[in-house]
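Down below is the structure, laid out as structure tokens.
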Amino acid sequence: MRIIVAALAALFFCTAVFADAALVKETRKKAEKGEAEYQYDLGMMYILGNDVKQNYAEGLKWLKLAAAQKNADACYELGRMYSNGEGVETNDAEALKWFILAGEAGSGEAQQALGTAYKNGTDGAKKDLKEAAKWLEKSYESLGNTGDLSSLADVYTEMKDYPKLIGAYKKMMEGW
């Protein structure tokens, strides 16, 4: 019985390893053809060390190729990495650049990060309540996150824009 269990476990392990290798090979093939989605996927495999040995330089290379094609996820990931100093030196100006590109490409997460950055004057952004409101509104539309409405309400309060503040509170109440 132990031999059968061991043989099945070995078979399962080998199948998983070969399946992972096939996935990496197929992803790389499509990434090398210039498909942004697969460039992003391959970049994240290297960044996270999923199915390949973790390698930030290789991951950044693929993310930047995807970002050059305006892949919102790749742009956001680059912004996050530069903001947190993950695999790269922390660089607020670089983080802000990538977050803006990601936000413009429709990334709700980047829009949220931009709204917060402009609200607080952090991550390379100068405090700008109008920009904060713009990005938080977009983030709410993209993600439907009531936390964005709460931040937006704070921005409208600071701007003394009471009609918009009331509108934000109404949206929050609708979500309850």
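The values are calculated or read from the model by the stated rules, or taken from the named source; none is laboratory data. This structure is a prediction, so every number in the text was calculated from the model and none was measured. Every residue, glycine among them, receives a Cβ derived from its backbone with ideal geometry; neighbour counts consider all protein chains shown. Accessible surface is based on the protein model in full, side chains and every heavy atom, while ligands, DNA and RNA are left aside. Shrake-Rupley method; radii C 1.70, N 1.55, O 1.52, S 1.80 Å.
Below is a table of values for the structure above.
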{"item": "Residue in segment 164-176 that is part of a loop (DSSP other than H, G, I, E, B) and either under 17 Å from ILE100 (Cβ atoms) or aromatic (Phe, Trp, Tyr) (or both) present", "result": "yes"}
{"item": "Enumeration of residues in segment 58-89 that are open to solvent by 30 Å² or more (accessible area, probe 1.4 Å), touching a residue at least 24 places away in the same chain (Cβ under 8 Å), more than 21 Å from LEU114 (Cα to Cα) and part of a helix (DSSP H, G or I)", "result": "LEU65"}
{"item": "Selected residue (only one of ALA7, ALA21 is modelled with pLDDT under 95, surrounded by fewer than 18 Cβ atoms within 10 Å (Cβ to Cβ) and within 22 Å of TRP62 (Cα to Cα))", "result": "ALA21"}
{"item": "Every residue from segment 135-173 that is in contact with a helix residue (DSSP H, G or I) (Cβ under 8 Å, 6 or more places away or on another chain) and among the basic types (Lys, Arg)", "result": "LYS138, LYS164, LYS171"}
{"item": "Test result for GLY124, more than 21 Å from LYS171 (Cα to Cα) and not in a helix (DSSP H, G or I)", "result": "yes"}
{"item": "Any hit, segment 95-104, residues being among the acidic types (Asp, Glu), out of contact with any Ser or Thr (no Cβ under 8 Å at 6 or more places or on another chain), surrounded by 15 or more Cβ atoms within 10 Å (Cβ to Cβ) and over 19 Å from SER142 (Cα atoms)", "result": "no"}
